[in-house]
Amino acid sequence: MPLTAQQIDAYLARIGVERPSRLDIDSLSQLHRAHLMSFTWEALDAFMGWPSQITPAAAFAKMVEGRRGGWCYEMNGLFGAALAALGFRVTRLCGAVDREKLGDIAIGNHLTLRVDLDRSYLAEVGVADAIIEPVPLVAGPISQRGFDFSIMPADGSWLRFNNQVLGIAKSFDFRLDHSDEAAMAATQGWLMQDPGSPFTQKLAVLRHTADGYVALQNDRLRRVTANSLSEERITSASHLGDTFQAVFDLDIPQPGRVWERLQTIHRDQAA
């Protein structure tokens with residue numbers, strides 16, 4: 001469901017953008033970039049076993065009111081709801097990260113967005129180390145800020161978005177007309193709870209920067225641009241808490257508990 005008038009005002013204030021005067025690619029691009037520069041991608045709920053819901057209303061409460069980030073269902077869910085409230089024609093598409101390796105079992109593990117203007121565009125704010133502006137939904141290479149991506153045909157009527165070479169999610173598949181809310185809800189539950197989920201056993205937090213992105217994977221913090229990569233190690237609970245706040249602009253309650261969970265996983269893996 002679209003956001004209410006009061007919610008859309010709060011969302012726009014959160015990302016620092018005025019209500020667009022026209023529904024065109026320029027406005028869509030401005031909103032897309034502002035969303036990614038304002039919100040952090042994070043799957044802490046799955047990592048910590050905290051409750052989470054898939055609805056845009058829940059994402060609004062968490063991300064706008066609670067100053068948290070979100071993962072694909074929440075990032076693209078909130079963005080799509082905001083776009084719809086502003087009058088854009090938005091279709092929620094059921095995607096599949098790593099379908100090229102996992103097969104059709106991956107269908108539903110990602111939410112992406114089709115926005116129809118003068119042509120159809122892929123709006124994708126749920127893969128935190130990928131595009132920063134929407135792209136036309138046509139097969140071919142994509143270059144943004146020095147990073148190379150592509151959309152290519154996959155099997156059948158599927159299309160495959162290929163991430164840049166350092167991207168954590170290497171690719172995701174989608175179809176232009178394939179929406180399956182039940183599949184996404186079921187897979188979200190698996191990703192949140194199953195020990196085999198990549199998000200319950202690994203800490204992952206990412207955020208776009210002016211020329212690239214910064215990524216926290218367990219205790220490794222990487223800063224990435226098209227021409228450089230640097231890495232440092234998080235060494236303590238206080239260091240982690242400072243990183244959440246200063247680097248990722250996240251208000252995480254009791255970050256020491258996240259550090260304890262990370263150390264427990266390290267011990268279990270070493271045993």
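The values are calculated or read from the model by the stated rules, or taken from the named source; none is laboratory data. Everything quoted here is computed from the prediction, not taken from an experiment. Neighbour counts run over all protein chains shown; Cβ positions are idealised from the backbone, glycine included.
Looking only at region 180-190, decide whether some residue is surrounded by fewer than 21 Cβ atoms within 10 Å (Cβ to Cβ) and touching a Leu at 6+ places or on another chain (Cβ under 8 Å). Step through it out loud before you land on a result.
Going through region 180-190, the residues surrounded by fewer than 21 Cβ atoms within 10 Å (Cβ to Cβ) turn out to be 180-183, 185-186, 189-190.
When the remaining residues are screened for being touching a Leu at 6+ places or on another chain (Cβ under 8 Å), the result is none.
No - not one qualifying residue is present in region 180-190.
Going by what's in this entry, would VAL17 be described as surrounded by fewer than 22 Cβ atoms within 10 Å (Cβ to Cβ) and of a type in the set (Val, Ile, Thr)?
Yes: the conditions hold for VAL17.
Please tell me if VAL90 is assigned to a strand (DSSP E or B), farther than 22 Å from ASN163 by Cβ and among the aliphatic types (A, V, I, L, M).
For VAL90, the condition - assigned to a strand (DSSP E or B), farther than 22 Å from ASN163 by Cβ and among the aliphatic types (A, V, I, L, M) - is met.
Quick check on my filter: what residues within region 125-166 are in contact with a Pro (Cβ under 8 Å, 6 or more places away or on another chain) and outside any loop (DSSP other than H, G, I, E, B)?
Across region 125-166, the qualifying residues are ASP148, PHE149, SER150, LEU159, ARG160.
Tell me, which strands (runs of 3 or more DSSP E) wholly within region 204-271 include 1 or more residues that are surrounded by 20 or more Cβ atoms within 10 Å (Cβ to Cβ) and modelled with pLDDT of 95 or more?
Numbers: elements: 204-208, 212-217, 220-225, 229-233.
Per the criteria, 204-208, 212-217, 220-225.
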